[in-house]
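The values are calculated or read from the model by the stated rules, or taken from the named source; none is laboratory data. Computed from a predicted structure; not experimentally measured. For neighbour counting, all protein chains shown are included, and Cβ atoms are generated from backbone atoms with ideal geometry for every residue, glycine included.
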Amino acid sequence: MSSCSEWLRWWRGPPRKVTLVMVGLDNAGKTTAVKGIRGENPKNVLPAVGFSKVDMKQDKFEVTILDLGGDKMIRGIWKKYYPESHGVVFVVDSSDVRRIQETKATMTEVLQHPWIAGKPVLVLANKQDQEGALAVGEIIEHLSLEKLVNKNQCPCQIEPCSAVMTCGKKLDGPIENGLTWLLRSISEDYEAIRERVRRDTEKQRACEVQETPEQEGFVRWTREDRGKRKSEEAVREGGLPQEDDVDEGHWAAPFKPVSGVIVEAVLQNENKLKHHLSGQESDARMLRSPTEGGSEGVLHRYREMLLQQLQHGEEEQEEEDGASKTRCPDSSDSGNQSKKKKILSLKRKNRVDPLRPDTEGEVRPALQAAS
């Protein structure tokens with residue numbers, strides 16, 4: 001009677017928050033099973049990289065499922081999520097007989113972890129629709145499941161299923177039955193499990209805070225040892241001791257938030273840009289006139305230089321005209337020379353290019369009409 005009253009009180013109360021970790025080898029069908037639970041199309045699913053978080057509501061529970069990637073290189077991160085979990089969903093590929101021993105070793109490592117031992121475990125024997133899939137009895141025997149769960153005091157249930165058979169909102173029957181059993185097992189001892197989650201989470205945070213100074217000290221010691229060895233090698237070779245090429249500022253606190261590292265990089269780029277702009281301003285001041293600044297000073301000097309070149313060209317032309325008059329005092333020749341002189345006279349708006357020698361060896365300004 002007391003159990004019925006407790007169940008009624010729970011049913012009328014607020015929803016309970018539950019976190020589940022879903023683990024298993026790669027290609028076992030974890031992400032497909034999660035999509036099937038959510039009522040999504042489980043076909044054409046890409047493997048999970050790292051982990052994905054799924055929130056859903058099931059009966060009187062607000063469930064958060066952490067789909068953890070099963071690749072061998074990233075299984076080490078699973079333990080980071082064990083403290084906050086209320087239960088475990090372990091997915092087994094029933095059709096992959098060659099990796100059954102690897103599955104056994106992985107499940108043993110998960111269930112014997114101190115942050116998992118004693119919590120409810122649901123085993124999904126997935127891919128039962130494929131030819132050659134192991135039956136439930138064979139999986140229990142290969143994994144030594146009965147001995148394993150008894151040793152670690154983990155309530156366990158195994159369900160044969162096929163996640164790809166889920167169609168829309170219609171969930172695969174065994175998966176639905178297994179999820180219902182898991183949530184019910186958690187609800188029976190919810191307060192104790194919640195207190196354990198709180199306690200384990202605090203321990204994990206304390207361990208992380210303690211590990212950070214140790215990691216920084218190890219990195220500092222490694223850097224000092226490397227610098228010492230470099231100096232000894234340089235002395236043996238007859239050279240001067242070499243300083244470590246690693247910036248001290250970066251290794252003083254190597255484990256920084258990503259946002260802080262980004263801000264430092266932005267500030268460094270801004271300082272480099274200011275230095276570059278100041279260099280350009282100094283170059284521009286060198287080109288300025290003492291009385292005029294900016295581009296006007298440069299144009300003033302360029303204009304003076306062109307006028308000097310034109311005056312020099314006119315003086316040479318006058319000398320040539322005088323020499324021709326002494327040789328040929330003909331009025332018609334002098335008229336032609338005066339006409340040529342008028343043709344060569346410059347207007348204010350014409351453009352002048354640099355001087356170039358002509359075919360006779362004389363130096364004359366090359367002219368182009370203003371556009």
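In the set (1) modelled with pLDDT of 95 or more; (2) at positive phi, the condition left unmet by residue 119 is number (2). Counting residues in the range 129-138 that are closer than 30 Å to residue 201 by Cβ and assigned to a loop (DSSP other than H, G, I, E, B) gives zero.
A count restricted to the range 86-102 and to residues that are surrounded by fewer than 23 Cβ atoms within 10 Å (Cβ to Cβ) and of a type in the set (Ser, Thr, Tyr) stands at 1.
For residue 56, the test of being in a helix (DSSP H, G or I) and of a type in the set (A, V, I, L, M) is failed.
What residue, among those in the range 189-218 that are in a helix (DSSP H, G or I) and surrounded by 15 or more Cβ atoms within 10 Å (Cβ to Cβ), is modelled with the lowest pLDDT? Among residues in the range 189-218 that are in a helix (DSSP H, G or I) and surrounded by 15 or more Cβ atoms within 10 Å (Cβ to Cβ), the one modelled with the lowest pLDDT is 216. Every condition in (1) in contact with a helix residue (DSSP H, G or I) (Cβ under 6 Å, 6 or more places away or on another chain); (2) within 21 Å of residue 204 (Cα to Cα); (3) assigned to a helix (DSSP H, G or I) holds for residue 142 except the one numbered (2).
Determine whether the range 68-89 contains at least one residue that is outside any loop (DSSP other than H, G, I, E, B), modelled with pLDDT of 95 or more, assigned by TED's automatic domain parsing to the domain that holds residue 154 and not small (Gly, Ala, Ser). For the range 68-89, residues outside any loop (DSSP other than H, G, I, E, B), modelled with pLDDT of 95 or more, assigned by TED's automatic domain parsing to the domain that holds residue 154 and not small (Gly, Ala, Ser): present.
Here 113, 86 are screened, and the one residue that is under 39 Å from the mean Cα position of the chain (by Cα) and free of Cβ contacts under 8 Å to residues at least 40 places away in the same chain is 113.
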